[in-house]
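Only the coordinates and a few stated rules stand behind these numbers; no lab work does. Owing to the predicted nature of the structure, the values given are computational and were not obtained by experimental measurement. Here the Cβ is made from the backbone with ideal geometry for all residues, glycine too, and neighbour counts use every protein chain on show.
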Amino acid sequence: MTQEISMLQFALAYAKLGWSVIPLKPREKTPLLTSWAQYQRERASEEQIRAWWTKWPQANIGIVTGEASGGLVVVDADGEEGKKFLEEKGIPLAPTVKTGKGYHYYFQHSGNKVRCAVRKYPGVDVRGEGGYVVAPPSVHPSGEQYVWEKSPWEIPPPPLPEWLLTPRDSEEVPESKEGKIDKNRKGILKSLID
């Protein structure tokens, strides 16, 4: 089976789960679409998905999180810091993807919309309304392939743990690589905490 067919088959399989899919640039995390806002509200048709992967056969697969995907919320654990934090908190069994540098855990929200949050906890981001994640068998910019460790066909996404819904106790803003606080990021983080 060629990679092109595999990517298309996975994109269609995700759509059959009720998830909104979009094409991403090959070996990148950036959407190929000029605007993907429409797919935050509605899912693409099978015909549209087939057309995208015919036009861009090497495209990575993006799964839009939030209401467009039936309330899908993905917890992104970056590296060992994020994985260790989630294990210590007792993250429940959920569909899990090994990414290029961490793990994605797939959940359903309990009826209340969940916003995206950067660094919600140490090494942990949350992808909800207005977000998306890169899905298997996409290829990370590092060259590593995204792989299901526990797929949504083995276990459906469970409810998002309540402790992930609570705001952080601190308004601490991480410093950028240059050692300066990014004012735009601080504003985004503050709005997520408030």
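Dipole magnitude for segment 7-67: about 180 debye, using +1 per Lys or Arg Cβ and -1 per Asp or Glu Cβ, origin at the Cα centre.
Close amide-amide hydrogen proximity is noted between ARG27 and ASN60, VAL139, each under 5 Å apart and 5 or more residues distant or on a separate chain (H modeled in the peptide plane; Pro and chain starts excluded). Each residue of segment 149-155 is assigned a 3J(HN,Hα), and the resulting list reads 8, 9, 8, x, 8, 8, 8 Hz, derived from the Karplus form 6.51 cos²θ - 1.76 cosθ + 1.60 (θ = phi - 60°), x at Gly and Pro. Restriction of the GluC sites (Glu not before Pro) in segment 47-111 to DSSP coil positions whose beta-carbon has at most 12 other beta-carbons within 10 angstrom yields no sites. Spin-label pair THR54-GLU81: with each label point 7 Å from Cα along the Cα-Cβ axis, the two points sit 4.6 nm from one another.
The string of couplings for segment 52-69 from the Karplus curve (6.51, -1.76, 1.60, θ = phi - 60°) is 4, 7, 6, 6, 10, x, 9, 4, 5, 10, x, 10, 6, 9, x, 4, 4, 10 Hz, one whole number per residue in order, with x for Gly and Pro.
In this structure, the residue pairs whose Cα-Cα separation is over 32 Å, taken from LYS55/LYS84; LYS113/LYS150; LYS16/LYS113; LYS29/LYS150, are LYS55/LYS84.
Placing a label point 7 Å from the Cα of LYS89 along the Cα-to-Cβ direction, the residues of segment 95-125 whose backbone N falls under 13 Å from that point are 105-107, 117-125. Dipole magnitude for segment 43-118: computed about the Cα centre from +1 point charges on Lys and Arg Cβ and -1 point charges on Asp and Glu Cβ, it is near 140 debye.
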